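Step one of this worksheet: look at the structure below.
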Amino acid sequence: MNGAATVRERLERALSDRYREVHVDFGPQRAGRISGILVSPDFEGLTTDQRQDDLWDVVRVTLGAESSDVSTIVTLTPDEYEDLRP
Amino acid sequence: MRRVGSPREYLDAAADRAQDSKDLYRTERFGGAIYLAGVSIECALHSFLPSGHHLGGNHNLALLSGAGFSQRLAPRRAKEVGRILTDVMIRWNNGQRYYPTVLTERLIKPRVETYRDAKGNANFLVEAAYDIFKQAFAL
């Protein structure tokens with residue numbers, strides 16, 4: 001089962017397990033390195049350094065050597081994400 | 001009027017807007033400094049978009065970055081730049097060009113732990129713009 005899942009699918013599943021009410025927006029591109037936005041109320045009260053530390057712990061534990069397939073991921077609370085709407 | 005289109009022109013525009021932002025910061029025009037710092041980052045990210053992309057009118061910095069800049073970034077820099085982009089996106093959006101400085105300050109202040117005032121926010125964004133800009137030039 002795990003062997004058939006793509007890196008993207010495995011990461012999305014791990015993020016859903018780790019964070020509450022998670023919303024993942026990795027953009028329209030399906031090829032190339034994974035990059036985009038991760039939204040969860042779990043980021044409230046955390047500094048941006050703490051958010052990234054936590055996220056990258058999940059990435060490394062989940063993907064190991066394939067972590068290099070992941071690039072920048074912006075970590076926002078739901079309120080911060082809502083403010084991005086035009 | 002000719003449309004800006006080449007990666008070099010976008011990178012030059014990023015440098016110009018970053019300098020404009022610093023100049024406004026020095027003269028304590030913090031609302032303008034904040035807005036132009038964000039525009040500078042947006043221009044830098046535009047310079048890495050592949051030809052034929054469909055993000056021309058999009059101001060979402062994370063998506064703009066993901067389509068080009070983030071693809072070329074060294075894996076060891078991904079976490080650091082993800083943090084910088086997060087800090088910038090908490091403090092900036094394209095709609096701020098319509099805001100008086102006092103509104104920019106009021107909207108941002110409750111959500112940024114280290115935020116003190118418009119001056120501090122402008123300084124942070126100006127420095128972040130330069131960080132992204134320098135990395136863009138290094139790629």
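Values quoted throughout were computed directly from the atomic coordinates according to the rules given, and no laboratory measurement underlies them. The structure displayed is predicted, hence computed values, not measured ones. No Cβ is skipped: glycine too gets one built from the backbone with ideal geometry, and neighbour counts run over all protein chains shown.
Of note:
- Within 10 Å of each Cβ in B:57-70, the average number of Cβ atoms from other chains: 6
- Volume per residue of the C-alpha convex hull in chain A, rounded to whole Å³: 101 Å³
- Residues B:ILE84, B:ILE132, B:ILE41 arranged by fewest to most Cβ contacts within 10 Å: B:ILE84, B:ILE132, B:ILE41
- Residues A:PHE43, B:PHE69, ranked from the fewest to the most other C-beta atoms within 10 Å, line up as A:PHE43, B:PHE69.
- Virtual spin-label span in nm between B:GLN19 and A:GLN50, 7 Å along Cα→Cβ: 4.1 nm
- Where labels lie 7 Å past Cα in the beta-carbon direction, separation of B:ALA138 and A:VAL58 in nm: 2.7 nm
- Neighbour counts of other Cβ atoms within 10 Å put B:LEU73, B:LEU139, B:LEU85 in the fewest-to-most order B:LEU139, B:LEU73, B:LEU85.
- Stretchable slack from B:ARG72 to B:LEU103, in nm (0.36 nm times residue separation minus alpha-carbon distance): 7.5 nm
- Around B:LEU61: net Lys/Arg minus Asp/Glu count, Cβ-Cβ under 12 Å: -1
- Note on the protein assembly as shown: with charges restricted to the Cβ of Lys and Arg (+1) and Asp and Glu (-1), its dipole about the Cα centre is near 560 debye.
- Solvent-free Debye calculation, one equal scatterer per alpha-carbon of the stretch B:1-59: log10 I(q)/I(0) at 0.20, 0.25, 0.26 Å⁻¹ equals -0.73, -0.95, -0.99.
- When the alpha carbon gyration tensor of the protein assembly as shown is reduced to an equivalent ellipsoid, the three semi-axes, largest first, read 29, 21, 14 Å.
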